[in-house]
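Step one of this worksheet: look at the structure below.
The values are calculated or read from the model by the stated rules, or taken from the named source; none is laboratory data. Bear in mind that the values here come from a model prediction, so they are computed numbers and not experimental data. So basically every Cβ, Gly included, is an ideal-geometry build from the backbone, and we count neighbours across all protein chains shown. Remember, those area values only see protein heavy atoms, side chains included, never the ligands or the DNA or RNA. Shrake-Rupley method; radii C 1.70, N 1.55, O 1.52, S 1.80 Å.
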Amino acid sequence: MSDRYQSLIHTPVGQLLAKNLGLPNPVRLDRYTEGEPLVAGTVGIGGGRAGGRLGKALVAALDDLGIASVEEPPADQKYKGLVFDATGLTSSDQLVELQEFFTPLLRSLQGCPRVVVLGTPPESTNSAEERVAQRALEGFTRSLGKEVGRGGTVQLVYVAPAADGALASTLGFLLSPKSAYVSGQVIRIGATGETGAADVQDVLRPLVGKVALVTGASRGIGEQIARVLHRDGATVIGVDVPQAASELQTVMKELGGDHLTLDITAKDAPQRIAHHVKEKHGGVDVVVHNAGITRDKKLANMDEDRWSSVLDVNVVAPERITRELLDQKAINDNGRIVGVASIAGIAGNVGQTNYAASKAGVIGLVDSLADELKHGTTINAVAPGFIETKMTAAVPLATREVGRRLNAMSQGGLPVDVAETIAWYANPGSTAVNGNVVRVCGQMMLGA
């Protein structure tokens, strides 16, 4: 679906109107192209006066990713990204070191820059003063995300004390164009479960030899998830309803994958899926619960079928399928379970009590299993905001424009933005990324 406003605003007349009338002026976002380096430029890194505990691990991770970096970056050079190790900030009076590092460098950033602040989870700090300082990083990064402009993103990554060596996959995602529509997020590494990272032989194709199952894979976001996981080396099993069999088979044939047509809400669907992945593939490494529906209506006018159908597809089926796969040990060690939630499940939305409940339930599934999973298996979720799909194309024009503009990037995201975030979760190097819910929303201004 095209964004006509964005097309207009990039014309000479549009730029004049944007400047004189103060209209939103969305930047064309950099997005990753297969075969390109993760970062097309240099990343400046710093750690304050005393330096943080992650300094050596940070440099090593960037080297492993093939990302050029410079410590104590001079302000007279250009940078594609900045990373500040704030783990050394142990009291609120030291927060001035954020200003000392960033203020001279922000004007040296190239277009669509990436900014990452690394911190210690507040609950893992050694004193009340340190906890205050580390918690303050959330307000700093979220505000900077709304200031940086030019298509830039800003994230905070809390790294548990034992997870220093698990930075690479997360930095590779957050510093690259793969995170184009992810900003203002707080990500935790090593807070739940494992604190290490599996070896990744090829940072550009980390899923070689892995099997990924994607529900709702015939079109839209699901199709893009399948394509990105395939690009990263995975064999994809696409699942969709029989009515979408033709489209599903076409996509899977193109990707050299496998397919399974069934209604995920059917009583025997979990058993059929588990049997299929075990018999044909010896198990599955990545499970993406993408299939979802909407049946919008204000609660006062909602019938039981409209309510139940949304809950059954969006949360009951993923919960049942996940439990069956775990019970049958069909998910391989260091496996990945990913749920597709929604910003509606966090902020709510008029006429979507059923949908919002179901998507909040997906987040609940993450919360309930994050501490339970063993053998390096993780569970995380994405929460998309306004993504340009056929579903959002049907939204009334005024509502659609508000959804597009009311975020730090003044535009909607693309299905590939959701897919790239899921691919980061799926990376074998993301073993320490567990129990997270990351919004893919361009940093919405309200509600979350």
Considering residues of region 261-274 that are free of Cβ contacts under 8 Å to residues at least 24 places away in the same chain and surrounded by 15 or more Cβ atoms within 10 Å (Cβ to Cβ) only, the residue farthest from ASP305 (Cα to Cα): ARG272
Region 251-260 - residue that is in a helix (DSSP H, G or I) and open to solvent by 40 Å² or more (accessible area, probe 1.4 Å) and, of those, farthest from LEU326 (Cα to Cα): GLU254
Of all residues making up region 301-341, the number that are open to solvent by less than 60 Å² (accessible area, probe 1.4 Å) and charged (D, E, K, R): 2
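Kindly establish whether ASN20 is closer than 27 Å to GLU420 by Cα and modelled with pLDDT under 85. Give the steps one after another, and end with the answer.
Details: closer than 27 Å to GLU420 by Cα: no; modelled with pLDDT under 85: yes.
No: the conditions fail for ASN20.
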Among (1) part of a helix (DSSP H, G or I); (2) more than 27 Å from ASN301 (Cβ to Cβ); (3) without any contact (Cβ under 8 Å) to a residue 60 or more places away in the chain, the one test that VAL382 misses: (1)
Residues of region 273-305 that turn out to be part of a helix (DSSP H, G or I) and under 29 Å from the mean Cα position of the chain (by Cα), as a count: 6
Within region 342-351, tally of residues that are surrounded by 21 or more Cβ atoms within 10 Å (Cβ to Cβ), touching a helix residue (DSSP H, G or I) at 6+ places or on another chain (Cβ under 8 Å) and either among the aliphatic types (A, V, I, L, M) or at pLDDT below 95 (or both): 1
Leading residue by the ranking (nearest to THR377 (Cα to Cα)) among those in region 188-231 that are open to solvent by 40 Å² or more (accessible area, probe 1.4 Å) and of a type in the set (Val, Ile, Thr): THR195
Those residues of region 86-95 which are under 15 Å from VAL117 (Cβ atoms) and either open to solvent by less than 20 Å² (accessible area, probe 1.4 Å) or out of contact with any Leu (no Cβ under 8 Å at 6 or more places or on another chain) (or both), in sequence order: ALA86, THR87, GLY88, LEU89, GLN94
Residues that are at positive phi and either of a type in the set (Lys, Arg) or under 15 Å from the mean Cα position of the chain (by Cα) (or both), drawn from region 127-183: ARG150
Every pair of residues 6+ apart whose Cβ atoms lie under 8 Å, when the first sits in region 192-210 and is more than 25 Å from ALA226 (Cβ to Cβ) while the second is open to solvent by 50 Å² or more (accessible area, probe 1.4 Å) and of a type in the set (A, V, I, L, M): THR195/ALA162
Qualifying residue in region 69-85 (condition: surrounded by 13 or more Cβ atoms within 10 Å (Cβ to Cβ), charged (D, E, K, R) and at pLDDT below 95): no
Matching option when the condition is of a type outside the set (Asp, Glu), under 30 Å from VAL203 (Cβ atoms), open to solvent by 30 Å² or more (accessible area, probe 1.4 Å) and at pLDDT below 95, among ARG4, ARG49, ARG28, ARG53: ARG28
Condition check for GLY429: assigned to a helix (DSSP H, G or I), modelled with pLDDT of 95 or more and open to solvent by less than 10 Å² (accessible area, probe 1.4 Å): yes
From ARG188, ARG131, residue being modelled with pLDDT of 95 or more and assigned to a helix (DSSP H, G or I): ARG131
